[in-house]
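Please treat every number below as a calculation from the coordinates, not as lab data. Just so we're clear, the structure is a prediction, and the values are computed from it rather than from any experiment. A quick note on method: Cβ atoms are made from the backbone with ideal geometry, for glycine too, and the neighbour counts reach across all protein chains shown.
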Amino acid sequence: MRLFTPEAMREADGKAVALGYPSLLLMEWAGMKAARVYLDLFGKVPAVVLAGKGNNGGDGFVLARHLLLEGVRVRVFAAEGQEGDALLAKRALLAHGLEVRPLEEASFGPGEVLVDALFGTGLKGPLSGFYAGLVEGMNASGLPILALDLPSGLPYAPHVRATATVAFAALKTPHLLLREACGKLYLAEIGLPKPLLEREDLPQVATPEALRPLLPKRPLTAHKGSVGRVGVLGGYRGEGLRYAGAPLLAALGAYRMGAGLVHLVAPEGTPLEPLEAVFHPVSSPTLPPLKVEALAVGMGGGPWGKAWALEALKAGLPTVLDADALHPEVAEAYRKAGLPAVLTPHAGEAGRLLGVSPEEVGKDPLGVAQALAERFGLTVVLKGNPTVVAEGKRLSLNPTGNPALATGGTGDVLAGAIAALLAAGLPPFEAARLGVYLHGLAGDLLAEEKGVGLLAREVAEALPWARKLLAEGRAPWPFSRV
Ligand SMILES: NC(=O)C1=CN([C@@H]2O[C@H](COP(=O)(O)OP(=O)(O)OC[C@H]3O[C@@H](n4cnc5c(N)ncnc54)[C@H](OP(=O)(O)O)[C@@H]3O)[C@@H](O)[C@H]2O)[C@@H](O)CC1
Ligand SMILES: [K+]
């Protein structure tokens, strides 16, 4: 599934029309599906539809007509000046005897639901004046808001903060990058010819359908040496500091993602956990000979992080570079060696690698992930909401995961999990996408059950659950399809 920019979406609409597909049909499906979502969410609670003069407003007229037919009380306020499909949709509504009043007279109050049909993909710049005031009034009302296609005003401020959003035809960039404004997300298929949605130049959204075939097979003849062995190099002890938990969590992440054997290279005195790991105590960041197919390096490495990473390079294996291993010099060395490495920075570490501030990373995670991948010629997992995976020109956004994962050690679990998939033979981009997806899904399953307050080790424990759901084709979509 591809992630569209508003411009790319308008292009696809235009191409459908050029192919002879009547755009009024698209609008009818859009409004009708949105009315279906309205009824599911709010039943027969009275609706106030606020419609702009473009096609987003047209969708609002269609929705209003379908709600009327279902016996819902509807009031409609609309901007002047509709043309084309939006005008036809307005006339169809008027034919049902409903009065459409000027937007300037919009009023709403307790016991009503607002339908935001003001602006969609046609917005050109931030809202100001009357529209900014209207949007702020909608938000301040505390009433539920159903946004059509996009919460009006996105990607700028001010914008509608929706209770739910029905995206038409495809997800657009703000749906994933500014997800908080969208509330519960629905994706409505509206009849756009499928080939128009298959644009290889656009970023991918990691879907269960695309990831399921990547799951490493576990044949009946499998043994611990045949399904992928991982070496974890991390931890630090010295100068009054001791980082012991991080490599242990990475080892746990690797095992829980299906590694056959995990070798743990960590400072002497590190607790022997998990019991299943083969422990190699070291007094300095060195690499003992290991029979493994992939490495995870740097978790809790502190001042040893860089040395661990440069040591690990000598093994010539697919490697996950995390936390204290994330230095420009290290990434450069891996690029030169032509090794398939996966960098797993959060915004701060990505900023350090690129020489920009974490705030700048937050403003453009897609651009930063791509820039890092191109600069070092490696695979990049830029952790955040959403996490972005980049390699060469390929970009993938991960739709699983939630704020309960924002807790110490979850990144270490992820590094180990991706290393296990590399060890099982997946190429770096695929290992990264699958690892990130399952790690996020594990967090979602736990958050659904327990809420906030998760421990990283519990996320590791839930990885087999997430993997099983995906393998059986039962992984839930992070948004509803209608
Ligand atoms: N096309 C299709 O086949 C389908 C499209 N669909 C739907 O159409 C939506 C896109 O429709 P759209 O292109 O008409 O744009 P839309 O979002 O309604 O806004 C345009 C209006 O906004 C105005 N405006 C812009 N910026 C502004 C600002 N800063 N401040 C104030 N005003 C501003 C602009 O004014 P203008 O610049 O023209 O004066 C114009 O009047 C899409 O999201 C989906 O919901 C579905 O029905 C499925 C089929
Ligand atoms: K809207």
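So in the range 208-476, what percent of DSSP beta bridges are antiparallel if you round to the nearest 5? Please report the intermediate quantities before stating the final value.
Details: 10 of 32 bridges.
Of the beta bridges lying entirely in the range 208-476, close to 30 percent run antiparallel.
Given a Förster radius of 51 Å and the C-beta distance between residue 104 and residue 471 as r, what FRET efficiency does 1/(1 + (r/R0)^6) yield to the nearest 0.05? Mind showing how you got there, number by number?
On the way: r = 56 Å, r/R0 = 1.09.
Step by step, r from the Cβ atoms, then E = 0.35.
What dipole magnitude, in Debye to the nearest 20, does the chain give about its Cα centre under +1 on Lys/Arg Cβ and -1 on Asp/Glu Cβ? The partial results should precede the final answer.
Details: 46 positive and 47 negative charges, 182 e Å.
The calculated dipole for the chain is roughly 880 debye.
Qualifying GluC sites (Glu not before Pro) in the range 15-94, where qualification requires a DSSP coil assignment and no more than 14 other C-beta atoms within 10 Å, comprise 70, 80, 83.
Scan the chain and report its longest stretch carrying no trypsin sites (Lys or Arg not before Pro) that are both in a DSSP loop and have at most 15 other Cβ atoms within 10 Å. Write down the numbers at each step before the final one.
Details: sites that count: 44, 73, 124, 199, 217, 224, 291, 393, 474.
Result, exposed sites excluded: 292-392.
The Cα-based radius of gyration of the range 6-198, divided by its Kirkwood radius, gives an Rg/Rh of 0.93.
Among DSSP beta bridges lying fully in the chain, give the percent that are antiparallel, nearest 5. Among the beta bridges of the chain, antiparallel pairing accounts for roughly 20 percent. Our estimate of slack between residue 21 and residue 221, defined as 0.36 nm per intervening residue step minus the Cα-Cα distance, is 66.7 nm.
How much net charge surrounds residue 154 when only the other residues with a Cβ under 12 Å from the Cβ of residue 154 are counted, with Lys and Arg +1 and Asp and Glu -1?
On the way: positive: 161, 172, 179; negative: 116, 149, 180.
Combined, the nearby Lys, Arg, Asp and Glu give 0.
Our analysis of the range 149-252 gives Rg over Rh at 1.19, with the two radii drawn from alpha carbon positions and Rh computed by the Kirkwood formula.
Add -39500 (n - 2.57) for each DSSP H run of 4 or more in the chain, then divide by its residues: what number comes out at 222 nm, to the nearest 500 deg cm²/dmol? Mind showing how you got there, number by number?
Values: 16 runs with 189 residues, N = 482.
After summing the helix terms and dividing by residue count, I get -12000 deg cm²/dmol.
Of interest is the spacing of the C-alpha centroids, which for the range 89-162 and the range 408-429 amounts to 44 Å.
The GluC sites (Glu not before Pro) of the range 443-482 that DSSP puts in a loop, and whose beta carbon has at most 10 other beta carbons within 10 Å, are 472.
Filter the chain for me: DSSP H helices, axial length by Cα at least 27 angstrom, mean Kyte-Doolittle hydropathy not below 1.6. List them by residue number. Each step should come with its number before you reach the end.
Numbers: long enough: 23-42 (28 Å, 0.82); 428-450 (32 Å, 0.15).
In the chain, no H run is both long and hydrophobic enough.
For residue 217, the lysines whose Cα falls under 30 Å of its own Cα, not counting residues fewer than eight places away in the same chain, are 291, 314, 383, 393, 468. Rounded to the nearest 20 debye, the dipole size of the range 1-87 about its Cα centre is 300 debye, using +1 on the Cβ of Lys and Arg and -1 on the Cβ of Asp and Glu. Normalised by residue count, the range 208-476 yields a Cα convex hull volume of 120 Å³ per residue.
Put in order of Cβ neighbour count within 10 Å, fewest first, the listed residues 364, 13 become 364, 13.
Given Cα positions, please report Rg to Rh for the chain, the hydrodynamic radius being the Kirkwood one.
Details: Rg = 25.4 Å, Rh = 24.0 Å.
Ratio of gyration radius to Kirkwood radius: 1.06.
Between residue 291 and residue 132, what FRET efficiency follows from the Cβ-Cβ distance if R0 is 60 Å, with the result rounded to 0.05? Here the calculated transfer efficiency is 0.40.
R0 = 45 Å: FRET efficiency of residue 329 with residue 184, Cβ-based, nearest 0.05?
On the way: r = 45 Å, r/R0 = 0.99.
Taking R0 as 45 Å, the efficiency between residue 329 and residue 184 is 0.50.
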